[in-house]
Amino acid sequence: MPTAAAAFVIILGIVARTAIFLLLGHVLNLASRALHFDAKAEKLWKVLYYALSEEKPTLLGAMTARAEPQILRLSSIYALLDLSLVISEEHLRAATAVWQYCEDSCLYIFGDKTGDKIADRILDELRTRTNGLTQTDIHVHIFNKHCTATEIRRALDLLQKLNLVYSKTDLGQQGKTILRWLPVLAGEPRNQRT
């Protein structure tokens, strides 16, 4: 394994070589030849772009919403480091791997948080309760009546829209129907309703 100084010299050499390549390209007016995909990379990009463009409405989605341009930038850098104006499948796969690492890190840090404090608190509490909670339970026991029914309902609607919770109707005492909220657990089908 090279020392830190040796690794620095190697990296410096690669950056210098790339800078010379770019400078010569500018001097020789190669700017008209823009970076472009080869056939395999273009085919892969079409598949990746479709997958990357899917909306992720949670906080994770907000943190990783710019995947497409970031992967393009990274793959361009990898091509230039290889002294090429052609982005190959290898460059695109390397850029995608770096982006996947970034996305995995965000998932580890933020999980499925929504960015809405009320919704996130309700979800955390629901995950600790095997029988779920009613909206009244949430109002009284989680927020100590310091949150309005409208705010709670909005948060529950958001969680349900994100398929993080579902509602279940139970028969309570004295024959009254009770709407109970439960979390969607890992491995369970989404959009449950009973």
Worksheet item: Looking at the range 77-88, is at least one residue closer than 22 Å to THR114 by Cβ, hydroxyl-bearing (Ser, Thr, Tyr) and part of a loop (DSSP other than H, G, I, E, B)?
Response: no
Discussion item. Under 6 Å between Cβ atoms, which residue pairs at least 6 apart in sequence (or on different chains) link something in the range 38-49 that is touching a residue at least 40 places away in the same chain (Cβ under 8 Å) with a partner that is assigned to a helix (DSSP H, G or I)?
Written reply: LYS40/GLU89; ALA41/GLU89; ALA41/LEU92; LEU44/GLU89; LEU44/LEU92
Worksheet entry | Residue in the range 149-160 that is within 29 Å of the chain's Cα centre (by Cα), part of a loop (DSSP other than H, G, I, E, B), basic (Lys, Arg) and at pLDDT 90 or above present | no
Worksheet item: What is the one condition in (1) assigned to a helix (DSSP H, G or I); (2) surrounded by fewer than 17 Cβ atoms within 10 Å (Cβ to Cβ) that GLU54 does not satisfy?
Response: (1)
Item to complete: Identify all residues within the range 98-137 that are over 16 Å from LYS56 (Cα atoms) and among the basic types (Lys, Arg); write none if there are none.
Response: LYS117, ARG121, ARG127, ARG129
Response to the item:
If you go through VAL86, VAL140, VAL98, the only one that is surrounded by fewer than 18 Cβ atoms within 10 Å (Cβ to Cβ) and in contact with a strand residue (DSSP E or B) (Cβ under 9 Å, 6 or more places away or on another chain) is VAL86
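The values are calculated or read from the model by the stated rules, or taken from the named source; none is laboratory data. Predicted, not measured: the structure shown is a model, and the values here were computed from it. All Cβ positions, glycine included, derive from the backbone under ideal geometry; neighbour counts span all protein chains shown.
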